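I have placed the structure first, in the form of structure tokens, so that the comments after it can refer back to it.
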Amino acid sequence: MTDDKTLFGVSDGLLPGRVVRLGKPVDWASILKASQDRERREKEKRDSSSSISDLKSSQTSIPSIKPKSKKANTVIEESSSPTDGETETGKQRTAARENSSSSPSATSSEKLKQLLAEPTLNTEAVRKLAWAGLESEMRSPVWKVLLGYVPTNLARRNDTLRRKRREYQEAVNQHYDPYLDTKEQSVVTNSSTYNRIGNEEDVTFRQISVDIPRTCPGQALFHIPEVQQALKRILYVWATRHPASGYVQGMNDLVTPFLFVFLSEYASVKDDLSLLKATDLSVFDNADEALSNAEADSYWCLTALLNDIQDYYTFSQPGIQRRVHFLRELVARVDGNLCTHLEDEGLDFLQFAFRWMNCLLMRELPFHLIVRVWDTYLAETDGFATFHVYVCAALLVTFSEELQDMDFQDLVMFLQNLPTESWTNREIDVILSQAYMWRTIFGAAPSHLQQAFQASY
Amino acid sequence: MARSDDEYDYLFKVVLIGDAGVGKSNLLSRFTRNEFSLESKSTIGVEFATRSIQCEGKIIKAQIWDTAGQERYRAITSAYYRGAVGALLVYDITKKDSFDNVQRWLKELKDHADANIVIMLVGNKSDLQHLKAVTTDDASAFAESNGLSFIETSALDNSNVEEAFRSILSEIYRLGSKKALEKGSTSNFAPNATQTIVINPPADEGKTEKAKCC
């Protein structure tokens, strides 16, 4: 995959999946036939083994830290991918698809639809298309497969969804006492109602309740009472089942892209911004179904995301500290002057980058662009934990010149409120491309940078 | 950022602490920018703002560090207590728990801040009198027995916010002057004072001058 990616023209500001590669004319019929045969064989093979989401569900039901679980899943995924002889066909097929059009974004959805309709998903091909950014309508299905929430096997996808949604509902019934809400309201006046629920859950519930109304304050969608209730249940159930970290402020931010994307599947308005501005559930054709499915799906996807970065949120947040350290190393390498300036001014990276890690830049970038960034993170195999740090470096260095003219105070004020409100995909594409280049340079080579990162584990 | 902001006689580092959701960030934005938002996002880690005020003919610049209220962030935020000469310990007058936790916050300060830090207890959201769960008398008595000053504020209707900050800053100034604060001229303080006061979470011992001031 890495070899393949080095071909991409990132230096032109172009993104991998969007590069149109020239190649020989393609014999579609034979490729299609070969791939169908292969898929049939794979299907047989795969049906006998457990799906990714099965694995995930067994992990998430255990309240313990499994930071590397997604890696394990990836390995499984790869081991069930085509064997050597067949890989060539897969590659040709992907190349053929990418060659088939010179208007990439218009047809990326079409290609994805085709890919998603295949009996066994060609995950690599989907990743490539997702990397360059997805059309709104494709996000929901693509995010679900890339997170390993639904299996690559088409025949099992709907069953899995049904089962996972049922499981979530059971978890809600088990952990989320509707009584909590009434208790929260009576907390001031009547302390005897405390008896039923232990203190720890109480604190968690209160903390989540405090944070819900101030989640994505700019987006009306998240102020619809039913949506807020869904958010609350997701976070509370997650916290209860993951006591090693519990709920940590900022996790409320991290659910919102999922909830938004999964809700959008059911919305009658088709553009992102209109949905974000929705003030009631009338934007959904079937609001009950939309909410309950999107809530369950968001829960499982949040779980998958947090599995990779749970050490961000455990006591003293060691994962964040390591990532910030890595970010500093990276910036020292790619923009030594900036790094020196920041440190000469007495600015510690932790001071501004803590939040960049804790909320995965959700406080730094406009909401609709975060969703775009996540397309790429999900297309990467370790997007949220590692590629994200390269993105942070690229973001910081974007402002290098301005920053180098600032003193300590101006630096802090600037960095805690980056001027990105008017940004568009254009700026984001540049940052992602830059991050991609650095990752290619530093991520692959056993440089001291890489060693520093690994040593910190 | 107005350039005139850089002219000051004293630079005081003050921290805002207290439970999540009591209104720390709004107190800060009200004081530094005269802004208030009912839906401001939760603070993650620490944030920072400054404002200069006049006190007894001197310009005092307050560098105020706003901290996340959740327990999990304590390890990160407590690193910022060092070098602070003042702390506004905020609770929500409508949330009894937030007042009950004041004791724990005092312990945090005792463990991580300079011993002679000036602490002011702030009961915020005084606009919500009908929901008041902590009486002024109780809070005042508590403050007195713990040697804290006390004020009730509302960041929403802007009552007493200015007074709270002014009063703690002038208290810090008076205590500092009493201890024969050595330098008073703008030129001595201006260029490097910022660095003097900056506290980086990892160990850095070059920042202790500020503590001497008070």
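The values are calculated or read from the model by the stated rules, or taken from the named source; none is laboratory data. Just so you know, these numbers come straight off a predicted model, no measurement behind them. Cβ: placed from backbone, ideal geometry, glycine included. Neighbour counts: every protein chain shown. Protein only, heavy atoms only, side chains kept; ligands, DNA and RNA dropped before computing areas. Shrake-Rupley method; radii C 1.70, N 1.55, O 1.52, S 1.80 Å.
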| task | Examine region A:400-407 for a residue that is under 20 Å from B:Thr43 (Cβ atoms) and in contact with a helix residue (DSSP H, G or I) (Cβ under 8 Å, 6 or more places away or on another chain), and state whether such a residue exists. | result | no
| query | Looking only at region A:400-410, which residues are within 14 Å of another protein chain (Cβ to nearest Cβ) and open to solvent by 20 Å² or more (accessible area, probe 1.4 Å)? | reply | A:Glu402, A:Asp405, A:Met406, A:Asp407, A:Asp410
| Filtered residues of region A:400-420 (kept if of a type in the set (Val, Ile, Thr) and assigned to a helix (DSSP H, G or I)) | A:Val412
| Flag if A:Glu137 is of a type in the set (D, E, K, R) and touching a residue at least 60 places away in the same chain (Cβ under 8 Å) | yes
| query | Scanning region A:267-284 for residues that are open to solvent by 40 Å² or more (accessible area, probe 1.4 Å) and not in a helix (DSSP H, G or I), which turns out nearest to A:Trp356 (Cα to Cα)? | reply | A:Lys277
| query | Looking at B:Gly57, is it modelled with pLDDT under 95, farther than 30 Å from A:Asp253 by Cα, within 14 Å of the chain's Cα centre (by Cα) and not acidic (Asp, Glu)? | reply | no
| query | Considering only residues of region A:334-350 that are closer than 23 Å to B:Ile64 by Cβ and in contact with a Leu (Cβ under 8 Å, 6 or more places away or on another chain), which is farthest from the other protein chains (Cβ to nearest Cβ)? | reply | A:Leu342
| said: Suppose we filter B:Phe165, B:Phe142 for residues that are out of contact with any strand residue (DSSP E or B) (no Cβ under 6 Å at 6 or more places or on another chain), open to solvent by less than 10 Å² (accessible area, probe 1.4 Å) and more than 14 Å from chain A (Cβ to nearest Cβ); which single one remains? | reply: B:Phe165
| query | Only one of B:Asp114, B:Asp97, B:Asp137, B:Asp127 is touching a residue at least 60 places away in the same chain (Cβ under 8 Å), of a type in the set (Asp, Glu) and over 30 Å from A:Asp348 (Cβ atoms); which? | reply | B:Asp97
| note | Requiring at least 2 residues that are modelled with pLDDT of 95 or more, the helices (runs of 4 or more DSSP H) wholly within region A:124-206 are A:136-146, A:154-175
| Inside region B:35-48, can you point out the residues that are of a type in the set (Gly, Ala, Ser) and more than 7 Å from chain A (Cβ to nearest Cβ)? | B:Ser37
| note | Note: among A:Ser264, A:Ser292, A:Ser298, just one is open to solvent by 10 Å² or more (accessible area, probe 1.4 Å), within 26 Å of A:Asp382 (Cα to Cα) and modelled with pLDDT of 95 or more, namely A:Ser264
| message | Among the listed residues A:Ala385, A:Ala353, identify the single one that is over 13 Å from the mean Cα position of the chain (by Cα) and crowded, with 21+ Cβ neighbours inside 10 Å. | response | A:Ala353
| said: Given the options A:Val331, A:Val397, name the one that is more than 14 Å from every other protein chain (Cβ to nearest Cβ), open to solvent by less than 10 Å² (accessible area, probe 1.4 Å) and part of a helix (DSSP H, G or I). | reply: A:Val331
| field | Identity of the residue in region B:51-80, acidic (Asp, Glu) and within 11 Å of another protein chain (Cβ to nearest Cβ), that ends up surrounded by the fewest Cβ atoms within 10 Å (Cβ to Cβ) | value | B:Glu71
| If a residue has to be open to solvent by 40 Å² or more (accessible area, probe 1.4 Å) and either more than 14 Å from every other protein chain (Cβ to nearest Cβ) or touching a residue at least 24 places away in the same chain (Cβ under 8 Å) (or both) to count, how many in region B:102-111 make the cut? | 4
| field | Number of the exception - B:Ala115 against (1) loosely packed, with under 14 Cβ neighbours inside 10 Å; (2) aliphatic (A, V, I, L, M); (3) assigned to a helix (DSSP H, G or I) | value | (3)
| field | Scan of region A:105-123 for residues that are in a loop (DSSP other than H, G, I, E, B) and not hydrophobic (A, V, I, L, M, F, W, C), ordered by number | value | A:Glu118, A:Pro119, A:Asn122
| task | Taking only region A:411-436 into account, find how many residues are crowded, with 17+ Cβ neighbours inside 10 Å and within 14 Å of another protein chain (Cβ to nearest Cβ). | result | 5
| query | Would it be correct to say that A:Leu231 is of a type in the set (A, V, I, L, M, F, W, C), surrounded by 15 or more Cβ atoms within 10 Å (Cβ to Cβ) and more than 14 Å from chain B (Cβ to nearest Cβ)? | reply | no
| said: List the residue pairs whose Cβ atoms are under 9 Å apart, where the first residue sits in region A:216-227 and is without any contact (Cβ under 8 Å) to a residue 24 or more places away in the chain, the second is among the acidic types (Asp, Glu) and open to solvent by 30 Å² or more (accessible area, probe 1.4 Å), and the two are 6 or more positions apart or on different chains. | reply: A:Pro217/B:Glu39
| query | Say we look at region A:368-382 and pick out the residues that are assigned to a helix (DSSP H, G or I) and either open to solvent by 20 Å² or more (accessible area, probe 1.4 Å) or of a type in the set (Val, Ile, Thr) (or both); which of these is nearest to the other protein chains (Cβ to nearest Cβ)? | reply | A:Ile370
